[in-house]
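Structure, as structure tokens:
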């Protein structure tokens, strides 16, 4: 089977024009596909942003006229504001817990080869692959079995489980790029484990943790499948509120809220890029 | 000698044991329980009910098919994006990655809402196609499977691009040069040298985008509408609408096993491929 890869067929005699045409055709095809993909990736964000500034009551694109009236209308949208506040609280708690629990685990996973730690790695990553909706439902059954009712702290714990993988991935990546000799140097100079962690390791992996924290925050703020089962009227979160708005009545206020979310996301992304080198951590 | 590291995982392990493993075990028990209170023995009745019904099986089938289609579209467009990214300078690379991850970080509800504006009967896409004279009557894009695949592909594209990019940028450029020096053209080099070497990244990207596509509840319901039924909405209807928890639990377990099977299959394919190379 491997003969095919070992024994190359006789190469055709190189001609002068052919290779450059081939190189050109490959670049053309890939360039066009990539350009299409980028338009496809970015267009929806631009469309919703422009639509949110419409002066009329229709969601047609391109929007007719320009105004901030729907943004002003958000000031009176009490339910939406309450949902946004809930989402923010949940996402902040989730991020803090993900970092506090995820960072030590990431250190163990990056440094230890014991089977126990390998198994933990697989377990902690599985929420990324398993259907989140099934987990949300399982969590609801479990909470009922325990005789509890879903509330904010339980919602946060559910989010922590599905958002931890993001912190783990970026932190482990940062740890594996860490020069081990730096840690040896610190120890040989008499620093304790804790001092070495605080003064050497932590500053060097801080950008990795930061990028992971940002991703966890966004994932929690955006989570629907877990919140669908663990949030009730009191703890209604923003994505579910918006989802119901879109399903029931296409309200232009929803477009304004969407525009606001897009603007906030972009701002946070730029901040994360400047401070934590987001795009470098995601490579 | 460094201190043992394993205890560092304990806090997170405790949370996962109580908040992830235990709920999944309870879900499994409920799906197998014979009595309402879950104490009167075990039965496979709920599974027989799901697997014995052609309609239910077709929902499972169309969910898996949807994931496969979205993954293929992701790959078709994602590989060229990663390829261009890997060749770009550091600054352009950051800009490109920024644009690629933008959709996945923007709220899924917002993204989907935007697609409704684009795909509607009088939406942007129909306007453009009508304006160019490519179609005579507006296409039905919203509430169609093609629409769901398209939107899922946009949403999950980063999950395909990033793993491929990681492998591509670590690739030794000498290998491709050697292939060219031996007379292979660009396409041949891509097909015989680059693609096999990038296969681990492609497999990882496929697994991630497949897993994300089939559970994308918001996109499936808002773009697909109520008539296109996929497993996440089916589970939700059974659990919340019909309040039939044991049946919904069984469907959830089937769903998870199906996902795991696909992941294991793709992983195995990747391993075998690596051995061949």
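The values are calculated or read from the model by the stated rules, or taken from the named source; none is laboratory data. Quantities reported herein were computed from a predicted structural model and do not represent experimental measurements. Here Cβ is always computed from backbone atoms with ideal geometry, including for glycine, and neighbour counts include all displayed protein chains.
A few points about this structure:
- Wholly within the stretch A:176-249, helices (runs of 4 or more DSSP H) carrying at least 3 residues that are more than 22 Å from residue A:166 (Cβ to Cβ): A:180-188, A:193-196, A:238-248
- Any hit, the stretch B:85-98, residues being more than 7 Å from every other protein chain (Cβ to nearest Cβ), modelled with pLDDT of 90 or more and in a loop (DSSP other than H, G, I, E, B): no
- Qualifying residue in the stretch B:224-231 (condition: within 18 Å of residue B:58 (Cβ to Cβ), surrounded by 15 or more Cβ atoms within 10 Å (Cβ to Cβ), within 9 Å of chain A (Cβ to nearest Cβ) and within 21 Å of the chain's Cα centre (by Cα)): yes
- Any hit, the stretch B:67-81, residues being within 8 Å of another protein chain (Cβ to nearest Cβ), in a helix (DSSP H, G or I) and either under 18 Å from residue B:228 (Cβ atoms) or over 16 Å from the mean Cα position of the chain (by Cα) (or both): yes
- Residue within the stretch B:257-277 that is farther than 30 Å from residue A:227 by Cα, within 8 Å of chain A (Cβ to nearest Cβ) and part of a helix (DSSP H, G or I) present: yes
- The lone criterion from (1) at pLDDT 85 or above; (2) under 21 Å from residue A:265 (Cα atoms); (3) more than 10 Å from chain B (Cβ to nearest Cβ) left unmet by residue A:42 is number (3).
- Residue within the stretch A:190-200 that is surrounded by 13 or more Cβ atoms within 10 Å (Cβ to Cβ), within 12 Å of another protein chain (Cβ to nearest Cβ), under 27 Å from residue A:93 (Cβ atoms) and modelled with pLDDT under 90 present: yes
- Every residue from the stretch A:105-129 that is more than 9 Å from every other protein chain (Cβ to nearest Cβ) and in contact (Cβ under 8 Å) with a residue 12 or more places away in the chain: A:125
- If you go through the stretch B:106-135 and keep only what is outside any helix (DSSP H, G or I), touching a helix residue (DSSP H, G or I) at 6+ places or on another chain (Cβ under 9 Å) and closer than 25 Å to residue A:244 by Cβ, you end up with B:106, B:107, B:120, B:123.
- Qualifying positions in the stretch A:223-235 - at pLDDT below 90 and either over 18 Å from residue A:136 (Cβ atoms) or surrounded by 18 or more Cβ atoms within 10 Å (Cβ to Cβ) (or both): A:231, A:235
- One residue alone among B:88, B:6 is surrounded by fewer than 21 Cβ atoms within 10 Å (Cβ to Cβ) and either within 30 Å of residue A:106 (Cα to Cα) or touching a strand residue (DSSP E or B) at 6+ places or on another chain (Cβ under 9 Å) (or both), and that residue is B:6.
- Residue within the stretch A:92-101 that is facing chain B (nearest Cβ under 8 Å), modelled with pLDDT under 90, under 30 Å from residue A:164 (Cα atoms) and in contact with a helix residue (DSSP H, G or I) (Cβ under 9 Å, 6 or more places away or on another chain) present: no
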